[in-house]
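> Just passing along the structure, written as structure tokens.
The values are calculated or read from the model by the stated rules, or taken from the named source; none is laboratory data. Bear in mind that the values here come from a model prediction, so they are computed numbers and not experimental data. Backbone-built Cβ (ideal geometry, glycine too); neighbour counts: all protein chains shown. Side chains are part of the model used for accessible areas, which takes the heavy atoms of the whole protein and leaves out ligands, DNA and RNA. Shrake-Rupley method; radii C 1.70, N 1.55, O 1.52, S 1.80 Å.
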Amino acid sequence: MNVKKESGTPAPALPAATVTIVRDAGDGIEVLMMRRNLKSGFVPGMYVFPGGGLDEADLLFKNNGLCSCLDDAAACAALGLAADGVGYWVAAIREAFEEAGLLLARDRAGDIVKLCDAQASVRFDTYRRQLNAGELDFAAILQAEGLQLAADQLTYFAHWITPITAPRRYDTRFFMAEAPAEQEPFHDDHETIAATWISPGEALTLHKRGEFEMRTPTVRTLETFADCSNVAGLRRSLHSIQGNVQALMPRIGKDGRRYLPGESGYEEAGTKEGAGQWQN
């Protein structure tokens, strides 16, 4: 979504959600990273987690019976919101399906849906293409297949707000989810051009070499995940911080460096003399 702003006026921070999908590997965990299209108007070429802005339709899930494992009151309490909290879980799951082809939803038997057989693969790939083209809405797919969103598989762990000087801004809630079994990720070849499983440590090493470009929230997430030996341990670690998630909004200094709250230089970057120029 493009956001126009007058010169000197901050762009609004739009509500968004992202999900870090992880899986156990031989020597630790791996994270699913999607590479943005090189022609994208937003962070082109960068490696990101599946995610994006909330749609109005995401907010309807608090009443449509397709997300029965999480009610809006509980979602709002977790996020510190007055209303429409469940929409963030919905957006995270929807974006994972749109961008990576992974669907965190349960069938009528209560099992995470399997997309590995040929018929299911073709059917859900068609759904995905129609969803991305705006020809079908997410709720209609779930209703047609008799599915319920598996929102309880997502663990909320972080809240990032784009710097005030950025031309496009998001107020993003971060979730973690284990990769669903018997599903394989695949980029959508539109917003994303590659899907890569990689250990947090390797991604960080490549990033330091300038070979794996990532944004600050992505880097900080991988730093948090790097010491976890398995998904179960990571989930326990993230559960321990729930209820104490603080919003983080980096500031950009005159040198272009991003400063986080508590870091030396953060307060100066918030002043007229210390702030970077408006980005175009």
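> Using Cα pairs closer than 8 Å and at least 6 residues apart in sequence, work out the relative contact order for segment 22-148, in percent.
18 percent
> Kindly write out, for segment 105-116 in residue order, the coupling ³J(HN,Hα) from the Karplus curve 6.51 cos²θ - 1.76 cosθ + 1.60 (θ = phi - 60°), rounded to whole Hz, with x marking Gly and Pro.
8, 10, 7, 5, 7, x, 9, 4, 4, 9, 10, 8
> If you don't mind, another one. For the chain, what does -39500 (n - 2.57) per DSSP helix run (n ≥ 4), summed and divided by total residues, give at 222 nm, in deg cm²/dmol to the nearest 500?
Roughly -8000 deg cm²/dmol at 222 nm, from the helical runs in the chain.
> Further, regarding this structure: Applying a 10 Å radius around every beta-carbon, put 179-188, 146-155 in order of their mean neighbour count, most first.
146-155, 179-188
> So, one more: Students often check this: by mean Cβ neighbours within 10 Å, which of 71-80, 105-114 ranks highest, and how do the rest follow?
71-80, 105-114
> Right, here's the next one. Suppose every K and R has +1 on its Cβ and every D and E has -1 on its Cβ; what is the size of the dipole of segment 38-192 about the Cα centre, in Debye to the nearest 20?
With Lys and Arg at +1 and Asp and Glu at -1, about 280 debye.
> Ratio to report: Rg/Rh of the chain, with Cα atoms as the point set and Rh obtained by the Kirkwood method; give two decimals.
0.96
> Given the options Leu66, Leu222, Leu81, state which has the largest fluctuation in a GNM of the chain using a 10 Å cut-off (strictly under) for Cα springs.
Largest GNM mean-square fluctuation: Leu81.
> Going 7 Å from the Cα of Asp152 in the Cα-to-Cβ direction, what parts of segment 167-190 have a backbone nitrogen less than 18 Å from that spot?
The answer is 176-181, whose backbone nitrogens lie closer than 18 Å to the label point.
> Points 7 angstrom from Cα along the Cβ direction at Ala109 and Arg236: gap in nanometres?
3.1 nm
> What number, in percent, do you get for the relative contact order of the chain if the mean sequence gap of Cα pairs under 8 Å and at least 6 apart is divided by its residue count?
25 percent
> Once you've got the Cα coordinates, tell me which of Lys208/Lys254; Lys39/Lys62; Lys114/Lys208 are over 29 Å apart.
With Cα atoms farther than 29 Å apart: Lys39/Lys62; Lys114/Lys208.
> Can you sort Glu211, Glu95 by 1.4 Å-probe accessible area, starting with the largest?
Ranked list, largest accessible area first: Glu211, Glu95.
> Follow-up. With +1 assigned to the C-beta of every Lys and Arg and -1 to the C-beta of every Asp and Glu, and no other charges, what is the dipole magnitude of segment 118-162 about the Cα centre in debye, to the nearest 20?
Magnitude of the dipole: close to 120 debye.
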